[in-house]
Structures are given as structure tokens and as C-alpha cells.
1. Based only on other Cβ atoms within 10 Å, what is the fewest-to-most ordering of 143, 202, 196?
2. Which order, highest average first, do 207-215, 107-115, 34-42 follow once you tally other Cβ atoms within 10 Å for each residue and take the mean per peptide?
3. Round to the nearest 10 and give me the degree value, 0 to 90, for the angle of helix 245-254's Cα axis relative to the longest principal axis of the chain.
4. Over segment 177-292, what relative contact order in percent results from Cα pairs under 8 Å that are six or more residues apart?
5. What does the C-alpha gyration tensor say about the overall shape of segment 34-125? Classify as rounded when a/c is under 1.5, otherwise prolate if a/b is larger than b/c, or oblate.
6. Compute the angle between helix 32-42 and the longest alpha-carbon principal axis of the chain, please, reported from 0 to 90 degrees and rounded to the nearest 10.
7. Looking at the chain, what % of its DSSP beta bridges pair antiparallel, to the nearest 5?
8. I want to verify the translational diffusion coefficient of the chain in µm²/s; compute it with Stokes-Einstein, Rh as the Kirkwood radius over Cα pairs, at 25 °C and 0.890 mPa s.
Ligand SMILES: [Zn+2]
């Protein structure tokens with residue numbers, strides 16, 4: 001009798017873990033671009049919660065108690081880093097989460113900007129498609145480390161998506177190459193497109209710095225207007241996260257045209273023009289080329 005019981009215990013312990021359907025792994029994305037990459041790479045193996053919603057502004061985001069609960073339930077928390085989410089450390093602490101925090105910009109060489117007299121890293125690294133590939137690689141590796149059973153699925157999804165990003169990068173280079181050199185100058189509300197500019201050969205200026213958490217001074221605005229006239233900047237652009245009035249005023253006073261709305265700091269809702277990362281890049285490039293090409 002004792003032998004049979006021991007045998008039963010042994011047999012039970014030998015049942016493969018995969019016999020029970022695995023529940024999706026709870027993960028948190030700090031904002032919509034990371035959530036989109038997680039959806040592509042994690043598929044139905046992950047349950048994604050997003051902190052800053054599509055259309056939201058991470059620079060001035062105020063986390064709620066519900067956001068702390070999302071962190072508390074998560075196995076992994078994916079953040080952009082480079083101080084994009086200035087509120088994340090306090091949120092992690094207050095949530096008491098045991099989740100692993102993964103910084104998806106790890107390995108990216110940050111662009112440095114001078115902010116209020118001191119050097120700061122520009123957090124908007126995803127606007128260069130080669131950087132987005134690093135985001136995806138870090139997300140893949142984070143998922144595999146936490147859930148090795150999913151290794152093949154994560155690796156296959158990442159491989160196919162990285163190929164799509166290579167094609168997207170080529171598409172962006174080709175589209176922007178058609179813009180005459182002297183017209184590759186734009187103005188946006190805040191300095192969010194530095195990586196796009198550095199990677200693809202544009203000049204971007206902004207009355208605000210790399211964050212939206214301040215108001216530009218009258219001198220900042222006057223300087224931009226002078227610059228637009230002097231450099232014959234063809235177009236100024238609105239942003240999905242910024243009040244359009246500043247850019248409209250700059251356009252009216254400088255004579256530059258308003259070139260449309262760029263998705264500077266995240267995606268649109270799913271039914272909008274920039275519901276995925278790839279659609280966002282295509283939307284922004286369409287707006288840029290439409291306003292700058294002759
Ligand atoms: Zn920004």
C-alpha cells in the first residue's frame with residue numbers, strides 16, 4: 001500500500017508542467033510604444049497593462065493608485081528609461097512590486113541635449129528605427145529570461161518583426177532622401193525628434209527642450225521665430241501631446257506653414273492614424289515629406 005502511494009506521488013510529480021495551460025504572464029509597459037512591441041513579441045503569452053495611455057504625455061504623467069496595483073501584479077515592468085518616466089522610481093517603491101524592471105533603451109547611445117544649462121540625455125530614442133530594434137531585442141531577452149518556456153515563440157516573433165523594422169528603416173531613408181537638403185528643417189513644440197533628425201539627416205528646433213514640463217520664455221519663442229526667418233524653415237509641426245496654440249502662434253508670426261500633427265511621444269488610440277509603432281513612423285514620415293518636399 002505504501003509502495004502504491006509513493007508511486008502515485010512519483011507519477012504525479014512527473015506530469016509535465018505544460019499539461020496545465022499556462023496563464024499569460026502579467027507585464028507592464030510604461031507607455032504605448034513599448035506596449036506595441038510587447039504585444040508583437042509576447043503575443044498571447046503575456047497580459048499587458050500600459051501606464052501612460054495612447055495620446056498621453058509621459059513627461060507630466062501622474063500615476064494613480066490603480067497604476068501602483070498594475071505594478072504590484074506584474075512579473076516584468078518595461079520602461080523607456082533616460083528619465084522619460086520621471087515618476088517611475090517613486091511608483092515602483094510605493095507599489096511594493098517584486099517585478100523585474102527592464103530598461104528597453106539599454107545599449108542605446110543617448111543623444112545629449114543642454115537643458116537649463118546642464119547636459120541631459122534625450123529620452124525619445126524610439127524615433128530612430130535602428131534604436132527601435134534595440135528596444136525589441138531587450139524586450140525579447142527580458143521575456144525569455146522570465147519565461148524560458150516561451151523562448152522559441154519570443155525569438156521567432158522578434159526575428160520576423162526585426163525584419164519588418166529593417167524594411168521600415170529603408171522606407172524612411174528613401175522617403176526622406178527625396179527632400180531637398182535646404183528644406184530639411186522643421187520646428188516642433190518640444191525637442192522630441194532629435195534621434196529622427198540625427199539618424200535621417202534633418203534639423204529639428206523646438207521652443208521647448210526635451211520635456212513638456214515647462215513653458216517657453218518670450219525670448220525662446222522670439223529666437224525660434226528669428227531662426228525660422230533666417231534659415232527659411234519651411235514648416236512647423238504640431239504634436240499629439242502638446243497644446244497647438246504655441247506652434248500656431250509661431251507659424252502666424254514667422255510665416256512658416258503648419259505641417260500637420262506628429263506623434264512625438266506615443267501612439268494614437270488603436271483606431272487612429274498611429275495605432276502601432278510602424279504606423280506611427282509611417283504617419284510622421286508622410287506628414288514630414290508632404291510639408292517639406294517641393
Ligand atoms: Zn517628449
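Here, each number is a calculation from the coordinates, and none is a lab measurement. Only a predicted model underlies this, so the values are computations on that prediction, with no experimental measurement involved. Because the Cβ atoms are built from the backbone with ideal geometry, glycine has one as well, and the counts that use them run over all protein chains shown.
1. Going from least to most buried by this count: 202, 196, 143.
2. Descending packing order for the listed peptides: 34-42, 207-215, 107-115.
3. On a 0 to 90 degree scale, this one is about 30.
4. Details: 175 pairs, mean separation 26.2, N = 116.
Relative contact order here is 23 percent.
5. Working: a/c = 1.94, a/b = 1.44, b/c = 1.35.
It is prolate, given that a/c is not under 1.5 and a/b is the larger ratio.
6. Compared with the principal axis, the helix lies near 40 degrees.
7. 15
8. 118
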